[in-house]
1. With θ taken as phi - 60° and the coefficients 6.51, -1.76 and 1.60, list the Karplus ³J(HN,Hα) couplings across segment 319-327 in order, rounded to whole Hz; mark glycine and proline as x.
2. Express in nm, to one decimal, how much length is gained between residue 398 and residue 93 on full extension, taking 0.36 nm for each residue of separation and deducting their alpha carbon distance.
3. Can you tell me the relative contact order of segment 133-348? Whole percent, Cα pairs under 8 Å, sequence separation 6 or more.
4. Taking every DSSP beta bridge that has both residues in segment 133-348, what percent is antiparallel when rounded to the nearest 5?
5. Over segment 358-411, what is the relative contact order in whole percent, taking alpha-carbon pairs under 8 Å and six or more residues apart?
6. Each residue of segment 374-384 in turn: what ³J(HN,Hα) in whole Hz from Karplus with 6.51, -1.76, 1.60 and θ = phi - 60°, glycine and Pro shown as x?
7. For residue 269, list long-range residues whose amide hydrogen, built 1.01 Å from N in the peptide plane, is under 5 Å from its own amide hydrogen.
8. Please compute the Kirkwood hydrodynamic radius of segment 355-412 from all pairs of different C-alpha atoms, in Å with one decimal.
Amino acid sequence: MRERDRQAAFLLLDDKGMEGCLLFVVADSIYSGSRGAEILTDTMERMRRHLIAMHECPGIGRALLSLIVQSGRLEEANEIREREWEDMGLKPHQVQSLLDGFRPERIEMRRRQREKGEMSVVTAFDAEYPPLLLETKDHPWVLYYRGRYELASRPSVAVVGTRVATAYGRHASEMLSAECAGCGLTVVSGMASGIDTSAHWGALEQPGGTIAVLATPVNKPYPYENKELYRKIGESGLLLSETPPDAVLKPYMFLERNRIIAGLALGTVVVEAAKGSGAFRTADRALAYGRDVFVVPGQITSPRSHEIMKWLRDGAKPVIDAEDIWGEYVSQLTELTSLPMSDLLSKSGTTPSPNLSADEASIYELLLDRPRSIDELSASSGMTFGLLHSVLLSLLIKRRIHQEPGFVYSVL
């Protein structure tokens, strides 16, 4: 490949972001016919392998990867010498990390590691990279996943909120997510405790499904209490992460994860989020990306609701019911399914408490209002103590409720 053509292609990257990088494939006019296509395919595959190898090197972050891509030397990155890396501004420990990372045995070890962890990998050079995420200027160069990857390219909304959610917030999150996913929207969230967890449970078995964007590697559930939810999403939804296998979890990874949540979705629904929280910052990202932001109204005296409701003054969309969300994306949904929205609604069969028996749903609904003692539940439900104990045990096993001191129960 001629250096002039490579430089011309990557100059486009400065002005057009990833679009310019993809134009690299068609801008190189020196090849033609089947041989040309074969050479270009080989070139892109080398660039892809090098991108993954560098991404998995400790100390090599997204900004540095972007610098290397823009330099036009990604194709030959495995041949760059120590002094050349230093001339590009890399620190000694970063140079050594790259030199180690390009060793064939290290690349093979990483490949086996991904295979053992049942994770697949996609890069920004791949045609199947999520299109909405590719539009963002700070998109990940590499993503790891497990599950139904086709969900990453479907119309989706993010549902986010506080880990310390009220019963009202958890109920609203689960109900809205179930109805949106029932209409075909994929629900994206971060699998954190509280609002995120309720969003995933609500959408999990609906037609739209759910995507959990993790701060941890794809093969490590976090928080551990969501291990069962993690397993179910891996089976019928999609687990997605930018974090390489076996990377040590650090606080900044949660903030980086939030930009992916916002970038994947057409809009972000905020259900209870204090100012400065991760969910608050996710919505800020969505606004910066030019995406919709929806706010579920809460108590104006609550710190979980007061700040986010101020966004309503600035054009955020209030949510009274799920139609306020999916109604914004009817054209995408009907195009996707070839069904009128009325049919989608009738087929959704949404319920705020999927996979629960009638007795379990009855107790769960009581606990959505507020935490209750076992005596209160017995009096309100009319169940015998034996039946109530069995129902509570089943809900605990399904991780829909948890037991507090003094035999008091509340929803997760």
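1. Whole-Hz 3J(HN,Hα) from phi for segment 319-327: 10, 9, 8, 5, 4, 5, 8, 5, x.
2. Using 0.36 nm per residue and subtracting the Cα-Cα distance, I get 105.1 nm.
3. Details: 484 pairs, mean separation 49.4, N = 216.
Rounded, it is 23 percent for segment 133-348.
4. Details: 4 of 25 bridges.
Counting DSSP beta bridges with both partners in segment 133-348, the antiparallel share is about 15 percent.
5. Details: 51 pairs, mean separation 25.4, N = 54.
Contact order relative to length: 47 percent.
6. 5, 5, 5, 5, 5, 5, 6, 8, x, 7, 5
7. Result for residue 269 returns 158, 159, 160, 294.
8. That comes to 10.9 Å for segment 355-412.
Every read-out reported here was derived from the displayed coordinates using simple, explicitly stated rules and does not represent laboratory data. Note that the structure is a prediction, hence the values are computed from the model and not measured. Neighbour counts run over all protein chains shown; Cβ positions are idealised from the backbone, glycine included.
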